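What follows is a short report on a single structure.
The values are calculated or read from the model by the stated rules, or taken from the named source; none is laboratory data. Remember, it's a predicted structure, so these values are computed and weren't measured experimentally. Using ideal geometry, Cβ is built from the backbone for each residue, glycine included, and neighbour counts are taken over all protein chains shown. Accessible surface is based on the protein model in full, side chains and every heavy atom, while ligands, DNA and RNA are left aside. Shrake-Rupley method; radii C 1.70, N 1.55, O 1.52, S 1.80 Å.
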Amino acid sequence: MTLTGPAIRDAIDRGAITITPFDELAIGEISVDFHLGRELKRCIGTDGYNRHQFEAIVIPDDGYELQPGEFYLGHTSEIIGSDMYAMRLTGKRSIGRLGLWIQIDADLGHTTACHQWTLELRCLKPVRVYPEMPIGQVSFKANLGTVLPYAGRHAKHSGAQESLHFER
Amino acid sequence: MKLTGTEIDQRVRNGDIGIEPFDPGFVSSNSYDLRLAPTLEYYTQATLDARGHNPTAETTIPEEGFVLPAGTLWIGRSVERVTSPKFVQVLHAKSGIARLGLHVHITADLIAPGHDGHIEFHLAPTVDVRVYPNQPIAQLSFELPLGNVVTRDRSQTWSADRAAQANANRGEFTR
């Protein structure tokens with residue numbers, strides 16, 4: 001079951017949910033808005049070992065225009081985590097309306113993970129984005145069963161993190 | 001917890017959920033079908049700005065249908081007006097629409113309880129696809145949330161001033 005705003009606020013107060021920095025205005029009916037971090041990575045191809053290569057971009061205050069056909073990694077400004085609830089990161093409806101995807105089918109945030117979350121950005125039309133703009137929302141789901149600490153490799157880092165899928 | 005079709009039907013009849021117009025024939029095991037209203041919006045400028053006003057124009061889908069070219073973006077809405085003060089709504093494509101390569105939303109399927117109005121579709125065709133006015137195109141499922149529902153004021157939109165204030169409020173944080 002997805003937690004409502006008051007249930008999220010209560011969970012934050014007792015330490016079951018972490019959102020840093022936390023903005024009271026960001027709490028909605030069933031989620032908390034998160035904002036776009038300043039670091040972007042634009043995929044520019046692969047190397048001889050078939051590993052994706054990225055160009056690092058810092059989004060200036062006057063914005064950066066994402067281009068269709070490109071693939072970008074971004075990240076949440078906030079550190080988000082919970083030892084009690086599973087998390088789901090989705091885009092805001094106002095962002096979807098602009099034709100901007102913020103993740104590619106990997107919307108699940110595992111219970112016990114706590115970090116800035118990597119976003120997978122792609123767009124249908126050129127769209128200018130800004131640092132700290134509201135870009136998505138995290139919702140929290142009650143678990144059934146014993147929670148085991150998340151041991152995924154991508155949970156140890158913040159920022160716009162590249163895939164470790166092929167790393168041994 | 002996801003509402004079954006039987007529960008959706010019951011909740012519409014007792015007024016907990018409002019679907020107007022309502023057709024029991026559109027209730028399925030876990031959802032209600034939504035139809036595509038004839039009016040589509042599209043952006044008139046080549047580039048968009050997440051902080052600015054992005055003007056749109058409208059077009060009407062004729063009876064014989066309208067081809068949405070691959071890679072384009074259209075804003076549609078449901079024929080139905082939905083009111084759901086108690087339940088979370090989740091928007092899905094109908095599976096037949098998904099198999100035509102047509103997105104009905106773009107990473108934003110959650111609609112909060114308290115939403116009152118038509119459901120907006122963000123149509124993104126992967127391949128050319130012909131759509132028709134009033135065709136069933138999406139389905140809405142309903143979930144019972146955990147906790148009290150408190151509706152937030154959505155009238156405050158994001159602006160550069162808010163961004164500046166947010167930046168001022170944020171201190172250093174640990175990665």
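A:Y72 falls short on exactly one of the conditions (1) touching a residue at least 40 places away in the same chain (Cβ under 8 Å); (2) buried (at least 20 other Cβ atoms within 10 Å of the Cβ); (3) out of contact with any Ser or Thr (no Cβ under 7 Å at 6 or more places or on another chain); (4) under 19 Å from A:L3 (Cα atoms), and that condition is (4). Filtering segment A:56-73 for residues that are among the charged types (D, E, K, R) and under 17 Å from A:T112 (Cα atoms) leaves an empty set. Of all residues in segment A:1-25, those satisfying the criterion of being under 13 Å from A:E78 (Cα atoms), assigned to a strand (DSSP E or B) and not hydrophobic (A, V, I, L, M, F, W, C) are A:T18, A:T20. Applying the set (1) over 21 Å from A:G91 (Cα atoms); (2) modelled with pLDDT of 95 or more; (3) among the small types (G, A, S) to B:S95 leaves exactly one unmet item: (2). If you check A:T20, A:T2 for being touching a residue at least 24 places away in the same chain (Cβ under 8 Å) and either under 20 Å from A:N143 (Cα atoms) or surrounded by 22 or more Cβ atoms within 10 Å (Cβ to Cβ) (or both), only one passes: A:T2. Checking each residue in segment B:17-30 for being without any contact (Cβ under 8 Å) to a residue 60 or more places away in the chain, farther than 30 Å from A:F140 by Cβ and surrounded by fewer than 14 Cβ atoms within 10 Å (Cβ to Cβ) picks out B:P21, B:D23, B:P24, B:G25. The residue that is modelled with the lowest pLDDT, among those in segment A:147-166 that are aliphatic (A, V, I, L, M) and assigned to a loop (DSSP other than H, G, I, E, B), is A:A151.
What do you reckon, is B:D161 over 17 Å from the mean Cα position of the chain (by Cα), among the acidic types (D, E), farther than 25 Å from A:D62 by Cα and modelled with pLDDT under 90? For B:D161, the condition - over 17 Å from the mean Cα position of the chain (by Cα), among the acidic types (D, E), farther than 25 Å from A:D62 by Cα and modelled with pLDDT under 90 - is not met.
Annotation for segment B:38-51: no member residue is basic (K, R), free of Cβ contacts under 8 Å to residues at least 60 places away in the same chain and farther than 22 Å from B:V131 by Cα.
Looking across segment B:82-118, the residues that are under 16 Å from B:V12 (Cβ atoms) and open to solvent by 40 Å² or more (accessible area, probe 1.4 Å) come down to B:T83, B:P85, B:K86, B:H115, B:D116.
Looking at (1) modelled with pLDDT of 95 or more; (2) closer than 25 Å to B:R152 by Cβ, which is the one condition that is false for A:K41? Result: A:K41 fails condition (2) only. The residues of segment A:90-110 that are assigned to a strand (DSSP E or B) and open to solvent by 10 Å² or more (accessible area, probe 1.4 Å), listed by number, are A:W101, A:L108. For segment B:121-143, which residues satisfy the criterion of being in a strand (DSSP E or B) and either acidic (D, E) or free of Cβ contacts under 8 Å to residues at least 60 places away in the same chain (or both)? Passing the criteria: B:H122, B:A124, B:P125, B:E143.
Restricting segment A:9-32 to residues that are among the hydrophobic types (A, V, I, L, M, F, W, C) and over 18 Å from the mean Cα position of the chain (by Cα), which is nearest to the other protein chains (Cβ to nearest Cβ)?
Among those residues, the one meeting the criterion is A:L25.
For segment B:31-65, a tally of residues being buried (at least 16 other Cβ atoms within 10 Å of the Cβ), over 20 Å from the mean Cα position of the chain (by Cα) and away from every other protein chain (no Cβ under 14 Å) returns 0. With respect to the conditions (1) in contact with a strand residue (DSSP E or B) (Cβ under 6 Å, 6 or more places away or on another chain); (2) loosely packed, with under 14 Cβ neighbours inside 10 Å, B:N14 falls short on a single one, namely (1).
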